[in-house]
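These notes concern the structure reproduced below.
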Amino acid sequence: MHRTTSSPQSADAQGAHAVALPSRIPAVPDAQLGPAAVVDAIRTRRGGTLLNLDRMLLNSPAFAVGWNGFLGAVRNALSLDARLRELAICAVAVLNRADYELLQHAPEWLAAGGTVAQLERLADFDAALLDATLFSEAERAVLQLTGEMTRHVQVSNACFQRVQRALGSPQAQVELVGVIAAYNMVSRFLEALQVPPESDAARPPAPL
C-alpha cells in the first residue's frame with residue numbers, strides 16, 4: 001500500500017516519503033477514457049484535471065457516475081464546518097494508512113483553518129485524541145467519533161453524546177457521520193486497488 005515513514009508535516013513532505021506500489025489495474029490513457037459525458041462531468045468537478053482515482057473509477061462508468069455525484073455533494077453541499085469535515089477526512093486517512101487520501105486532504109484542512117502543528121500531531125492519532133492544547137473540544141469529539149467508526153464500526157453512547165454537545169444540530173451530526181463513512185469508503189477503495197498518488201506537477205486543485 002502507499003505507506004509513509006514520517007509524520008505528515010505537509011502534503012509535499014509526506015509525498016516525498018510515500019512508497020507507492022504498482023496499481024493493481026493498469027491505467028487507461030486519458031484519450032481512451034469514456035463515455036465522454038461521464039469524463040467531462042468528472043473533469044468539471046475537478047477543475048479540469050482528472051485524478052488517478054478518477055481513472056480507476058472509470059473502469060466502471062456507472063460506478064464513476066455515482067461516485068462523482070455522491071462525493072461531489074459530500075465535498076461541496078454540506079453545512080458542516082469545513083474545518084471539522086477535513087479534520088475527519090484526514091483522521092480517516094491516518095487511521096487507514098491511506099496516504100493518497102491524506103495527500104489530497106491535508107492542504108484542504110490547512111486551508112479551512114487547521115494548523116501544521118495539528119497535522120503533525122494527527123500522525124499519532126491517539127495522542128491527538130487527548131491533546132486539549134492543540135485541539136478544541138469539538139475537534140476532539142470529531143476525532144473520537146472518527147476513531148470509533150473507523151476502528152470499531154459501532155459507536156458508544158458516550159462518544160455520540162459528546163458529538164451532539166459539540167455540534168448541536170441534527171443536520172451537522174448526520175453530515176459528520178456521513179463524511180466519516182464516505183471517506184472510509186474512499187480510503188478502502190484507494191488502498192485495495194493501490195491507486196498511485198499524483199506527482200506534485202500533476203496534482204489537480206480539486207480534492208477527492
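The values are calculated or read from the model by the stated rules, or taken from the named source; none is laboratory data. Everything quoted here is computed from the prediction, not taken from an experiment. Heads up, the Cβs are rebuilt from the backbone with ideal geometry, glycines too, and the neighbour counts pull from every protein chain shown. Ligands, DNA and RNA are excluded from the accessible area calculation, which covers all protein heavy atoms including side chains. Shrake-Rupley method; radii C 1.70, N 1.55, O 1.52, S 1.80 Å.
Summary table
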item: A37 part of a helix (DSSP H, G or I) and open to solvent by 50 Å² or more (accessible area, probe 1.4 Å); result: yes
item: From A117, A106, A112, residue being closer than 13 Å to A91 by Cα and either of a type outside the set (S, T, N, Q) or open to solvent by less than 40 Å² (accessible area, probe 1.4 Å) (or both); result: A106
item: Residue selected from region 122-147 under the condition in a loop (DSSP other than H, G, I, E, B) and of a type outside the set (S, T, N, Q), by the criterion nearest to A93 (Cα to Cα); result: A123
item: Residue among A77, A93 that alone is under 19 Å from L129 (Cβ atoms) and either hydrophobic (A, V, I, L, M, F, W, C) or open to solvent by 10 Å² or more (accessible area, probe 1.4 Å) (or both); result: A93
item: Selection count where residues are open to solvent by less than 90 Å² (accessible area, probe 1.4 Å), under 23 Å from V94 (Cα atoms) and not in a helix (DSSP H, G or I), scope region 149-180; result: 2
item: Hits in region 135-148 - residues which are free of Cβ contacts under 8 Å to residues at least 24 places away in the same chain and surrounded by fewer than 17 Cβ atoms within 10 Å (Cβ to Cβ); result: S136
item: Helices (runs of 4 or more DSSP H) fully within region 56-112 counting 2 or more residues that are β-branched (V, I, T); result: 61-76, 82-96
item: Filtered residue count, region 5-53, keeping only those that are closer than 30 Å to D124 by Cα and either at pLDDT 90 or above or in contact with a Gly (Cβ under 9 Å, 6 or more places away or on another chain) (or both); result: 5
item: Matching residues in region 164-173 - criterion: being under 12 Å from L145 (Cα atoms) and within 20 Å of the chain's Cα centre (by Cα); result: Q173
item: Answer residue from region 182-200, given it is among the hydroxyl-bearing types (S, T, Y) and crowded, with 19+ Cβ neighbours inside 10 Å and is nearest to R85 (Cα to Cα) among those; result: Y183
